1. Within the range 42-82, which residues are under 18 Å from Val22 (Cβ atoms) and more than 6 Å from the ligand (Cβ to nearest atom)?
2. Please enumerate the residues belonging to the range 1-46 that are among the aromatic types (Phe, Trp, Tyr) and more than 15 Å from the chain's Cα centre (by Cα).
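We did not get these values from a lab; they are worked out from the coordinates using the rules stated. Quick caveat: nothing in here was measured; it's all calculated off a predicted structure. Here the Cβ is made from the backbone with ideal geometry for all residues, glycine too, and neighbour counts use every protein chain on show.
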Amino acid sequence: MSTEPSVRVEDKLFYNRYLVDVGRPHIRVRAHKKPSRELLALLKICPARCYELNDSGQVEVTVDGCVECGTCRVIAEPTGDIEWSYPRGGYGVLFKFG
Ligand code: SF4
């Protein structure tokens, strides 16, 4: 059995730093009344928990903590549910531990 201390993903993510490009989010959710299956999946698969349901039952994204893993892009960009691009140069995530 390993004697290494276990570290949760959430604890590692805490050390990342972000430079927010105010007013220019690099991910946008397409306007919708009822979320598609793909949008609902984003609530669970985003490691940074950027996606949430609002009070009207629609999926929203807050990109401030995005680690640019691209998982949501693979799931929901082909269906047109989101628009995804990398942040402008100098903005976005700064990884502290590789
Ligand atoms: Fe979440 Fe990754 Fe999509 Fe960023 S790119 S919002 S971290 S799933």
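1. Those that are under 18 Å from Val22 (Cβ atoms) and more than 6 Å from the ligand (Cβ to nearest atom): Glu60, Val61, Thr62, Val63, Asp64, Gly65.
2. The answer is Tyr15, and nothing else.
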